[in-house]
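Beneath this line is the structure, given in structure tokens, with notes to follow.
The values are calculated or read from the model by the stated rules, or taken from the named source; none is laboratory data. Computed from a predicted structure; not experimentally measured. We place every Cβ from the backbone using ideal geometry, glycine too, and count neighbours over all the protein chains shown. Accessible surface is based on the protein model in full, side chains and every heavy atom, while ligands, DNA and RNA are left aside. Shrake-Rupley method; radii C 1.70, N 1.55, O 1.52, S 1.80 Å.
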Amino acid sequence: MEIVIEYVLLDNFLIDIILLYLTSKTIKLPISRLGLITASSFGAGFAIVSPMIRVGGVLAIVIKFAVALVMVYMMNFSVRKLGIKFLLFVGYTFAFGGALIGIFNFLGISVYDGLNLGYVSELPLGAIIATGFIFLIFVCKMLKSLFRTHTFTDLSCDLTITVNNKSAVIKGFVDTGNVMKTSRGRSVVVINEDTLKYWFSPFERAQILMNKFVGLNHCEELGVSSLGGRYNMKVFDCEIEINGVKKDAALGIAPSKIKCGDCVAIVSKEVVEV
């Protein structure tokens, strides 16, 4: 068996970067360039030394899985969601390998990739890398469609919120887990501090955060428990119009940014029901 080291390094390095990038993107983890380069370099290095490891069968699979586990740890040097990262990386690897075999068998190009650890392939390097980038584009478009179209768009709505005689139209994400109510029984629409710009000046926003602004109707604080811990949320009355129906509600100011696609508010199901 002849191995061209430059081809092995470049091939494995670039394909591993693509697969690791897709793994991080799928579960929305921060993407570290240094981590991707380090993990992909480790994978490429293993591809070079693997022909010297004379094992096959189940043991070869175990070693490959172990290498994959190390790589997904190295891509951001964290054990956070390590199991999910490992399963996704392995899944993308199998999917990409299956796509390669299917495409090139269809084109009449033979492919041999046994359970041994060696690098054995008659596929041209450029074709493999090109297929990798096509795979990357395809999966990214699928993820974009999944996360934005099905997850957020179908559960979003436009709200006209009026505070102190000022109205603004914002997009809200309908969350059945939002069951908060004020002491007066009003449903709470959660926003972050930046969204206050639609109704208040920068000076007024600063006063609100320092509990010095007196222009809020029925302002109070609610105890809230979340994944980030427990904190007190400042809430105050507002009026909401949705689908032509006006309702009494309240705005609550969250301490961190709301991440729901292009939505800037979290709305309870009760608010949107007419």
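Side notes on the structure shown:
- Restricted to the stretch 34-45, and to residues there that are hydrophobic (A, V, I, L, M, F, W, C) and open to solvent by less than 40 Å² (accessible area, probe 1.4 Å), the residue that is nearest to Phe86 (Cα to Cα) is Ala39.
- Residues (farther than 17 Å from Thr26 by Cβ and either surrounded by 16 or more Cβ atoms within 10 Å (Cβ to Cβ) or among the aromatic types (Phe, Trp, Tyr) (or both)) located in the stretch 70-92: Met74, Phe77
- All conditions in (1) modelled with pLDDT under 90; (2) assigned to a loop (DSSP other than H, G, I, E, B); (3) open to solvent by 40 Å² or more (accessible area, probe 1.4 Å) hold for Ala206, with the sole exception of (2).
- Condition check for Asn232: among the polar types (S, T, N, Q) and either at pLDDT 90 or above or in a strand (DSSP E or B) (or both): yes
- Close pairs from the stretch 162-191: first open to solvent by 50 Å² or more (accessible area, probe 1.4 Å), partner at pLDDT 90 or above and assigned to a loop (DSSP other than H, G, I, E, B), Cβ under 7 Å, at least 6 apart: Asn164/Trp199; Lys166/Trp199
- Flag for Ala265 being within 32 Å of the chain's Cα centre (by Cα), closer than 24 Å to Ile27 by Cα and of a type in the set (A, V, I, L, M): yes
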